[in-house]
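These notes are about the structure you will find just below.
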Amino acid sequence: DAGVIQSPRHEVTEMGQEVTLRCKPISGHNSLFWYRQTMMRGLELLIYFNNNVPIDDSGMPEDRFSAKMPNASFSTLKIQPSEPRDSAVYFCASSLDAGELFFGEGSRLTVL
Amino acid sequence: GEDVEQSLFLSVREGDSSVINCTYTDSSSTYLYWYKQEPGAGLQLLTYIFSNMDMKQDQRLTVLLNKKDKHLSLRIADTQTGDSAIYFCAESGAGNNRKLIWGLGTSLAVNP
């Protein structure tokens, strides 16, 4: 099994630009999570989907952040416009129901 | 609110035992987890314990749970340099096993 696949692995962009992070969950998993990891705040849950439906987006920082899951095998996290304080590692994870979380390798975002 | 606390750093010598501690606040947690994050990678489930257990052993790993004190520990016997990583404690939030509450992680350094 390929595991959770995220792209890009690294992104460097300028303040104000749009950033799109992508995730392919493990086939058969029905829950998908987007996390943000920073040194100061640790691991923060931004949003999670169950059966492609957003269930809890209370962790999304503000309206600049949006996430979609158009089908069971693809999700995006978009930041528009990006700001330097958005610099972090963004992880996607998937699970079957409330089971073990499988994480991707992360997308490291740097906003200059 | 719900909170999970861990010490941030631990340094041990190769061959010694490592003990990583965690305290949590939500007494209704069903599961408590230990995840491991190696440099540049996502988190991987190391082990977990159901809340009605007080100990679980898995090869070099021993998890101890003290529900009264809301204290969880992870002991790694015969620590190896390959065990150097960040270890995250997490609990399943009240009534929602999908929304884990995470500690900030303990960075374990194993010295030869």
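Some notes on this structure:
- Exceedance of the 30 Å cut-off in Cα-Cα distance is limited, within the set B:36/B:67; A:68/B:99; A:68/B:68; A:24/B:36; A:68/B:56, to A:68/B:68; A:68/B:56.
- Per residue of A:95-102, other chain Cβ atoms within 10 Å of the residue Cβ number 4 on average.
- Interface area, B with A, accessible, probe 1.4 Å, both sides summed, Å² nearest 100: 1500 Å²
- Heavy-atom SASA rank of B:36, B:70 (probe 1.4 Å, accessible area, largest first): B:70, B:36
- Centre separation in Å (Cα based) which lies between segment A:1-32 and segment B:40-64: 28 Å
- Rolling a 1.4 Å probe over the protein heavy atoms gives the protein assembly as shown an accessible area of 50 Å² per residue.
The values are calculated or read from the model by the stated rules, or taken from the named source; none is laboratory data. No experiment lies behind these values; they were computed from the predicted model shown. Here Cβ is always computed from backbone atoms with ideal geometry, including for glycine, and neighbour counts include all displayed protein chains. For the accessible areas, the whole protein counts, side chains as well, though only heavy atoms, and no ligand, DNA or RNA atoms are used. Shrake-Rupley method; radii C 1.70, N 1.55, O 1.52, S 1.80 Å.
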